[in-house]
Structure formats: C-alpha cells, structure tokens
1. For the range 109-187, what is the relative contact order in percent, using Cα pairs closer than 8 Å and at least 6 residues apart in sequence?
2. At q = 0.16, 0.23 Å⁻¹, what log₁₀ I(q)/I(0) does the range 109-187 have when each alpha carbon counts as one equal point scatterer in the Debye sum?
3. Taking the mean number of other Cβ atoms within 10 Å as a proxy for protection, how do you rank 87-100, 30-43 from highest to lowest?
Amino acid sequence: MLCCLLAVYAAAGCQTLRSADEAAAAQKIIGVWEYEWRGETWRREFTEDRRCIATRAQDGKLMWDCDYIVDEAGTVIALQNHFDTVMQDGRLNIDNAVVARRVPTKAASSCDGIVGVWEYRYKGTFWRREFTEDGRCIVRRASDGKVQWERPYTTVDDKTANVVLPLSHRFVGDDVLDVQGLFLARRAA
C-alpha cells in the first residue's frame, strides 16, 4: 500500500527527498502529539521507523497504525489520507482541521528503577528492551542489535511504566520485569 501512495505522490509532482533533507524534515515530526477531536483527547505518534500511530489518550485505544512519508516542505502524508504539517510556532496542524501540541517525552521519577537494559526471550528469540532516562523505550534483537521499534514511555506508579499504546511493564521482583503479562525480563548485567 505504501508503494501505491508513493506512486500517487510522485505522479503529483513531488520529489523523493535526499536522505539529509528527509532526516531534517522528519526530525520535526518525530514524537507524540496530542489534540482534541470530537470531545475526546487523541494522540498521534510519529516514529523514526516511519510509523504513524493514532490512539485515544484516555485508554490507549488504537485508532490506526500506518506508514508515513515526509515531503520537502515538512508535510507528513500518512497512509490513512491525513496531511499534517508542523507550523512555525512548533504545533502540528492536522488536516487543516485541528492543532496538536507535542507531548514532552521524559520519564517520571516515580519509576526510576526501570531505566536500563532488560533481556528476555520471546517466541524463541532473545531481545533487549532499553528504558532511557529521557523517556524512550527501545526494543532490539539481541543477536544483532537491530532496533525493532522505539516509543516513549510514562510511569504510572513506583512499580509500573506504560509504553505508548499502552504496553504495561510492572516490577514483580528484584530485577524482574513483567512485560505486558506475556513474559518476564531480567535486568542485563
């Protein structure tokens, strides 16, 4: 489907970005943005791996998750036929209908123990999940270090952190982390 969008995009006369231009334009959009729509608060997260994830802020309900591209002017084109632009004042104009503000991505101090690298095995593969001090959760395959995804996280209390969507992470013992109720991770040495 992304190929179809890129073909339409090219047919409209838009140029493919050079890597440096693309990186500069993309850095403006990467992060989590919050806005009001139809009486509810929503979030759009633009990830470094070109995913646009829309969720309802109150309960994390997924509205959609799709690929996006950025043109030279910094307009984000998501596969859900959305056109978002970072305005001069730093806010995000969504489809010329609503304005979103960037959500700060910093970890709350109530769950500082989560900061660090956690290792686990899931479906036969070993993984590393890193929680950074600035509020990012980075998942890597242990064998080659390849990043699978990177998302912001927030803390709920002194034992629980949620990664955007939400994905729950809860301390269940000394250096043991229950990830989404699916598996246990141990703090890396």
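Only the coordinates and a few stated rules stand behind these numbers; no lab work does. Quick caveat, the model's predicted, so the values are computed rather than measured. Cβ atoms come from the backbone with ideal geometry, glycine included; neighbour counts cover every protein chain shown.
1. Answer for the range 109-187 is 25 percent.
2. Once normalised to I(0) and log-transformed, intensities are -0.51, -1.11.
3. 30-43, 87-100
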